[in-house]
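Report on one structure; see the data block that follows.
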Amino acid sequence: MSREITPSSLSDYAACPRRYYYRRAQAPTEETELERMTGAFRVGVAEWNGRNHEVAREIATATYDRVPYGMDRTAWDVERETVSRLLEGYFSRYEPHHLVRGPYFPTEPLRNPKTGACSQVLLSSTIDGILQLQDGRLAVLQYRVVNEDISPESDYWLRTRFDSTVGLILHIARSTGIMTSTVLLDVTRLPIIQRETGESAEDYGRRLAADISEQPDQYYERCEVPRSAEELAEYHVELWRQACQIREAHRRGWWWRNVDRWTCGDCAYSPICLRSHGS
């Protein structure tokens with residue numbers, strides 16, 4: 001049984017317990033396209049501090065030098081070009097963050113919210129950095145790459161007000177001694193334009209770069225997402241209850257499916273799950 005809770009594991013369990021089971025209780029699958037691009041983008045932005053743009057982009061896309069077995073070469077090159085052009089636009093739009101602390105990967109025990117006693121459950125997350133805002137407050141930095149509208153009036157920012165990932169990374173950061181109550185979400189949107197039939201990766205990249213240059217506000221947005229002391233305390237209780245549910249699911253084998261277009265459509269385990277028999 002996995003005793004580690006991460007932002008992605010909470011999201012998987014909430015979306016579909018069976019997906020959580022396949023991904024964590026059994027052998028993990030390969031990264032999804034979004035996970036690969038998010039990881040490469042994060043590397044590029046982190047490498048940007050202290051390096052020039054071109055070097056940072058080369059380091060970020062180095063994982064695309066080798067085409068995985070069974071992967072279409074053109075699709076792989078398009079993915080690499082997408083990451084490179086998104087980084088190029090990001091570097092043109094922003095200055096590097098001035099971090100008080102660089103990226104780190106804390107693991108902290110989950111404490112009982114009533115007694116303060118440590119449990120055997122470990123909380124883990126990537127912290128992209130700690131920065132100091134203009135008014136002197138500290139904030140947790142989180143980079144995100146998403147495939148939806150991120151304009152200030154979009155529903156995306158309404159949802160972040162109740163985003164469990166924000167609550168979890170704040171909880172973990174505070175457990176490591178970073179007494180902050182806000183997260184700066186630095187969000188990048190995946191391409192709005194689509195690759196045309198027969199278009200090369202290089203030609204698509206040039207078209208994407210032009211689109212980003214023409215409407216950068218559609219691709220990049222930053223927003224502070226705060227939490228009050230009461231909300232942080234409430235989330236701690238909620239997190240404890242979720243951990244108890246997951247522990248019970250492991251103990252009893254409660255891995256039901258949540259079959260829906262939105263949960264199954266992008267799930268790497270759908271071919272296994274939807275064709276299996278019995279429970």
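Look at Leu138 and say whether it is modelled with pLDDT of 95 or more and touching a Cys at 6+ places or on another chain (Cβ under 9 Å).
On the way: modelled with pLDDT of 95 or more: yes; touching a Cys at 6+ places or on another chain (Cβ under 9 Å): no.
In short, no.
Within segment 93-106, the set of residues being free of Cβ contacts under 8 Å to residues at least 60 places away in the same chain and over 19 Å from the mean Cα position of the chain (by Cα) comprises Glu95, Pro96, His98, Leu99, Val100.
Residue by residue through segment 107-161, note down the ones that are touching a Lys or Arg at 6+ places or on another chain (Cβ under 9 Å) and without any contact (Cβ under 8 Å) to a residue 12 or more places away in the chain. Once the filter is applied, which keeps residues that are touching a Lys or Arg at 6+ places or on another chain (Cβ under 9 Å) and without any contact (Cβ under 8 Å) to a residue 12 or more places away in the chain, segment 107-161 yields Ala117, Cys118.
To keep it simple, each residue is scored yes or no on (1) over 30 Å from Gly198 (Cβ atoms); (2) without any contact (Cβ under 8 Å) to a residue 60 or more places away in the chain; (3) in contact with a His (Cβ under 9 Å, 6 or more places away or on another chain).
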residue	(1), (2), (3)
Arg19	yes, no, no
Arg24	yes, yes, no
Glu47	yes, yes, no
Thr61	no, yes, no
Asp65	no, yes, no
Thr74	no, no, no
Thr82	no, no, no
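Filtered by the rule that a residue be touching a Leu at 6+ places or on another chain (Cβ under 7 Å), closer than 27 Å to Thr176 by Cβ and crowded, with 17+ Cβ neighbours inside 10 Å, segment 73-107 gives a lone residue, His97.
Going through segment 30-72 one residue at a time, which ones are over 18 Å from the mean Cα position of the chain (by Cα), under 18 Å from Leu99 (Cβ atoms), crowded, with 19+ Cβ neighbours inside 10 Å and not aromatic (Phe, Trp, Tyr)? Listed by number, the list holds a single entry, Ala56.
Keeping to segment 224-236, report how many residues are in a helix (DSSP H, G or I), in contact (Cβ under 8 Å) with a residue 12 or more places away in the chain and surrounded by 11 or more Cβ atoms within 10 Å (Cβ to Cβ). Write out each step before concluding.
Step one: filter segment 224-236 for residues in a helix (DSSP H, G or I), giving 229-236.
Now drop any that are not in contact (Cβ under 8 Å) with a residue 12 or more places away in the chain, which leaves 229, 231-233, 235-236.
Now drop any that are not surrounded by 11 or more Cβ atoms within 10 Å (Cβ to Cβ), which leaves 231-233, 235-236.
Here the count works out to 5.
Candidates in segment 212-223 are the residues that are within 19 Å of Trp157 (Cβ to Cβ) and out of contact with any strand residue (DSSP E or B) (no Cβ under 8 Å at 6 or more places or on another chain); of these, the one that is surrounded by the most Cβ atoms within 10 Å (Cβ to Cβ) is Pro216. From Ala209, Ala249, which residue is small (Gly, Ala, Ser), under 30 Å from Ser270 (Cα atoms) and surrounded by 14 or more Cβ atoms within 10 Å (Cβ to Cβ)? It is Ala249.
Considering only residues of segment 36-74 that are outside any helix (DSSP H, G or I) and charged (D, E, K, R), which is farthest from Asn147 (Cα to Cα)? Show your work before the answer.
At the first step, the residues of segment 36-74 found to be outside any helix (DSSP H, G or I) are 49-52, 61, 65-72.
Filter again for charged (D, E, K, R), leaving 51, 65-66, 72.
On the way: Arg51: 28, Asp65: 24, Arg66: 25, Asp72: 22 Å.
So, considering only residues that are outside any helix (DSSP H, G or I) and charged (D, E, K, R), the one farthest from Asn147 (Cα to Cα) is Arg51.
The values are calculated or read from the model by the stated rules, or taken from the named source; none is laboratory data. Bear in mind that the values here come from a model prediction, so they are computed numbers and not experimental data. Quick reminder, even Gly has a Cβ in these numbers, built from the backbone with ideal geometry, and neighbours come from all protein chains shown.
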